Protein chains: 2
Amino acid sequence: MVFDSDDTEAVGTAKVQIAMRYDDKNKQFAILVIQLSNVSALLLQQDQKVSIRVAVLPCSDSSSCLFRTRPLDAADSLVYNEVFWASISHPALRHKTLRVDVCTVDKSHLEECLGGAQISLAEICRSGEKSTRWYNLLSYKYQQKQNRK
Amino acid sequence: MVFDSDDTEAVGTAKVQIAMRYDDKNKQFAILVIQLSNVSALLLQQDQKVSIRVAVLPCSDSSSCLFRTRPLDAADSLVYNEVFWASISHPALRHKTLRVDVCTVDKSHLEECLGGAQISLAEICRSGEKSTRWYNLLSYKYQQKQNRK
């Protein structure tokens, strides 16, 4: 596996591209996990599979809040294009935070998360318009190092 | 101390209001910590002081990345209106994540953080326009409970 670091714009930070849309008519929140870039910044080992875990937090007891993409073979850019739907009212959604984690799964199905982003949904709009954005991922190894200082 | 929970819109989630602006001329990033609402959702004890810790992550060795507001006596709404400046180029800033933590400080000056938000700066604009938003705070006690499940 070769990590391509030609893209100087992306060096130093892994990013995830997410689109979100609230469907007011059906009271459904759609989360589209599009792709990852610069995955090597999360200190990935070879021969791993990478999936993205998405959680709408805090979890409601009444509906699903945790979703996972299929695992893909590690590479510096990974395209998922998977959509997940959470049933939730718009006022409730505005109290939630979307937690997005990039995780590896080993052969014994153990999941280890390498980094993540948190997206506050306090100002999510109900118009049905899709918001598509790139989010920087903070490496957990980096955070652990910082906490030890 | 009485926690006022009349604001039904805010019940269930503590929120922080942050304004950000990038000054391209002076290569400075301004972070204005405006206020907290619904602090009681973070399970605050009485007689504590509350401050907000702001970090521009990952930290650069060359400039300050960690800032703290003054501590205020705990109440359900707290107005800080403190501004912090980080010296950073715009391309570097776009790889950063702003971590905002709400922390208490006890009499022996020990800091305990109760909750936080992460704000990706991947799409921060360089125009000098101020972006002012409310962000939901995720409670760390809630997250620890979830991790144990």
Condition set of a type in the set (A, V, I, L, M, F, W, C) and at pLDDT below 75, scope the stretch B:1-36, selection least open to solvent (accessible area, probe 1.4 Å): answer is B:Ala10
May I ask you to say which residue of A:Leu121, A:Leu78, A:Leu110 is in contact with a helix residue (DSSP H, G or I) (Cβ under 9 Å, 6 or more places away or on another chain) and more than 21 Å from A:Arg21 (Cβ to Cβ)?
A:Leu78
Residue under question is B:Ser120, and the condition is that it be in contact with a strand residue (DSSP E or B) (Cβ under 9 Å, 6 or more places away or on another chain), at the interface with another protein chain (Cβ under 10 Å from one of its Cβ atoms) and among the polar types (S, T, N, Q); does it hold?
yes
Within the set of pairs 6 or more residues apart or between chains, which connect a residue that is over 10 Å from A:Ser120 (Cα atoms) inside the stretch B:128-141 to a residue that is open to solvent by less than 50 Å² (accessible area, probe 1.4 Å) with Cβ atoms less than 6 Å apart?
B:Lys130/B:Ala19; B:Ser131/B:Met20; B:Thr132/B:Ala19; B:Ser139/B:Leu42; B:Ser139/B:Gly115; B:Tyr140/B:Gly115
Scanning the stretch A:84-121 residue by residue, the ones that are of a type in the set (Gly, Ala, Ser) and either open to solvent by 20 Å² or more (accessible area, probe 1.4 Å) or more than 21 Å from B:Lys96 (Cβ to Cβ) (or both) total 6
Just give me the residues in the stretch B:87-102 being without any contact (Cβ under 8 Å) to a residue 40 or more places away in the chain and either of a type outside the set (Gly, Ala, Ser) or at the interface with chain A (Cβ under 8 Å from one of its Cβ atoms) (or both), in sequence order.
B:Pro91, B:Arg94, B:His95
When you go through A:Ser60, A:Ser77, A:Ser51, A:Ser37 one by one, which is the residue that is within 14 Å of chain B (Cβ to nearest Cβ) and touching an Asp or Glu at 6+ places or on another chain (Cβ under 9 Å)?
A:Ser37
For B:Leu66, the lone unmet condition from (1) open to solvent by 20 Å² or more (accessible area, probe 1.4 Å); (2) within 11 Å of chain A (Cβ to nearest Cβ); (3) touching a Pro at 6+ places or on another chain (Cβ under 9 Å); (4) among the hydrophobic types (A, V, I, L, M, F, W, C) is (3)
Total residues in the stretch A:60-95, condition part of a helix (DSSP H, G or I), within 18 Å of the chain's Cα centre (by Cα) and of a type outside the set (A, V, I, L, M):
0
Mind checking which residues of the stretch A:37-59 are surrounded by 15 or more Cβ atoms within 10 Å (Cβ to Cβ) and outside any strand (DSSP E or B)?
A:Asn38, A:Val39, A:Ser40, A:Ala41, A:Leu42, A:Leu44, A:Gln48, A:Pro58, A:Cys59
Identify all residues within the stretch B:97-149 that are at pLDDT 95 or above and of a type in the set (Lys, Arg); write none if there are none.
B:Arg99, B:Arg133
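The values are calculated or read from the model by the stated rules, or taken from the named source; none is laboratory data. From a predicted model like this one, the values you see are computed outputs, not experimental measurements. Ideal geometry is used to build each Cβ from the backbone, glycine not excepted, and the neighbour counts take in all protein chains shown. Each accessible area value is taken on the protein alone, full model and side chains, heavy atoms only, with ligands, DNA and RNA left out. Shrake-Rupley method; radii C 1.70, N 1.55, O 1.52, S 1.80 Å.
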